[in-house]
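The values are calculated or read from the model by the stated rules, or taken from the named source; none is laboratory data. Since the model is a prediction, treat every value here as computed from it, not as a measurement. Every residue, glycine as well, gets a Cβ built from its backbone with ideal geometry; the counts of neighbours run over all protein chains shown.
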């Protein structure tokens, strides 16, 4: 079977640029089976070209080709059954996307469901959190309006002034954290994206970036803790914010790369390692803003522990391989 390696398509959560002129081949997840994926694509499309509707012979490799919207996505939805003629069309991706939208979205309710349930994963949690907060605000506004109409503004004002808004903030924050864990748990079960990150390419290594951020976290935490009233505290906060951004984004890339590389004898989970590491960044940032600078070192400790653990699972007892360079073991 033939697979097209077209790369420009739907959004992904990968950190590499999809617009580079020379794109490297993506490494598939460890449980990915090419033959099974191709057979599913033929069966899902009923041996019909998704672009023009032509029926193809699923046993004749000269009649069809399996196209891909993106290079790093290995899910069933990313595979497209195309006849040879349609694969040469420059607009086949747009035509297939439009056809799928017509089949899946028939009403405004379908649009809402699609908006909160479909990838890209980069914005999916934000969309779900936005929808949840919108429902909460709508329910609050409705309850407030009905109370004002039935009891007047006086009791409503007394109730509003008696609320413990800090407690409400804690409840909303806890709900967002729980929702994020559920989101990552769902991704753990259904995420089929690969990676283009190479293990020992230092210039494209998310692990090296994370190593630098741990130094930044440590330095900023030390300054904030020892000089809480100094002007340097603002500089430390800015440095901490920068490290938080790079750590938060690169942790996703690093965890997914370790999930795909067969040489790492360990498969980290989104709802365990990634969740814990990202929460440590948020806890450290909150502690720094609230004035407890010592706790701000938490993400540096957590990320360092992850880097040491994944390197041990990568090399195990063969630490001497570091002296000969990472490519000595090959990419098997």
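Give the residue that is nearest to residue 306 (Cα to Cα), with candidates limited to residues of region 217-236 that are crowded, with 18+ Cβ neighbours inside 10 Å and touching a residue at least 12 places away in the same chain (Cβ under 8 Å). Lay out the reasoning, then the answer.
Residues of region 217-236 that are crowded, with 18+ Cβ neighbours inside 10 Å, as a first pass: 217, 220-221, 223-225, 233, 236.
This time we only want the ones that are touching a residue at least 12 places away in the same chain (Cβ under 8 Å), so: 217, 220-221, 223-225, 236.
Values: 217: 15, 220: 20, 221: 19, 223: 24, 224: 24, 225: 24, 236: 24 Å.
Residue satisfying both the conditions and the ranking: 217.
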Just wondering, is there one or more residues in region 59-69 that are closer than 23 Å to residue 99 by Cβ, modelled with pLDDT under 65 and not assigned by TED's automatic domain parsing to the domain that holds residue 260?
no
Among the residues of region 37-57, is any farther than 29 Å from residue 270 by Cα, out of contact with any helix residue (DSSP H, G or I) (no Cβ under 7 Å at 6 or more places or on another chain), modelled with pLDDT of 80 or more and outside any loop (DSSP other than H, G, I, E, B)?
yes
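In this structure, is residue 130 assigned to a helix (DSSP H, G or I) and either surrounded by fewer than 12 Cβ atoms within 10 Å (Cβ to Cβ) or modelled with pLDDT under 85 (or both)?
Working: assigned to a helix (DSSP H, G or I): yes; either surrounded by fewer than 12 Cβ atoms within 10 Å (Cβ to Cβ) or modelled with pLDDT under 85 (or both): no.
No.
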Residue 259, sole failed condition from (1) at pLDDT 90 or above; (2) surrounded by 22 or more Cβ atoms within 10 Å (Cβ to Cβ); (3) under 15 Å from the mean Cα position of the chain (by Cα)
(1)
Quickly run through region 264-306 and pick out the residues that are more than 19 Å from residue 182 (Cβ to Cβ), within 20 Å of the chain's Cα centre (by Cα) and not in a helix (DSSP H, G or I).
266, 267
Just for helices (runs of 4 or more DSSP H) wholly inside region 136-231: which have at least 1 residues that are farther than 30 Å from residue 33 by Cβ and at pLDDT 80 or above?
165-190, 206-226
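Looking at 41, 47, which one is under 29 Å from residue 185 (Cβ atoms), surrounded by 13 or more Cβ atoms within 10 Å (Cβ to Cβ) and more than 23 Å from the chain's Cα centre (by Cα)? Don't jump to the end; show me each part of the working.
Details: 47 fails: under 29 Å from residue 185 (Cβ atoms).
Answer to the check: 41.
Can you find even one residue in region 80-96 that is assigned to a loop (DSSP other than H, G, I, E, B), more than 21 Å from residue 37 (Cα to Cα) and either in contact with a helix residue (DSSP H, G or I) (Cβ under 6 Å, 6 or more places away or on another chain) or not assigned by TED's automatic domain parsing to the domain that holds residue 34 (or both)?
From region 80-96, those assigned to a loop (DSSP other than H, G, I, E, B) are 88-91; that's our starting set.
Restricting the remaining residues to those that are more than 21 Å from residue 37 (Cα to Cα) gives 88-91.
Subset that is either in contact with a helix residue (DSSP H, G or I) (Cβ under 6 Å, 6 or more places away or on another chain) or not assigned by TED's automatic domain parsing to the domain that holds residue 34 (or both): none.
Within region 80-96 (the criterion being assigned to a loop (DSSP other than H, G, I, E, B), more than 21 Å from residue 37 (Cα to Cα) and either in contact with a helix residue (DSSP H, G or I) (Cβ under 6 Å, 6 or more places away or on another chain) or not assigned by TED's automatic domain parsing to the domain that holds residue 34 (or both)), the answer is no, since none of the residues qualifies.
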Search region 300-314 for residues being over 15 Å from residue 267 (Cα atoms) and without any contact (Cβ under 8 Å) to a residue 60 or more places away in the chain, and hand back the single one that is surrounded by the most Cβ atoms within 10 Å (Cβ to Cβ).
302
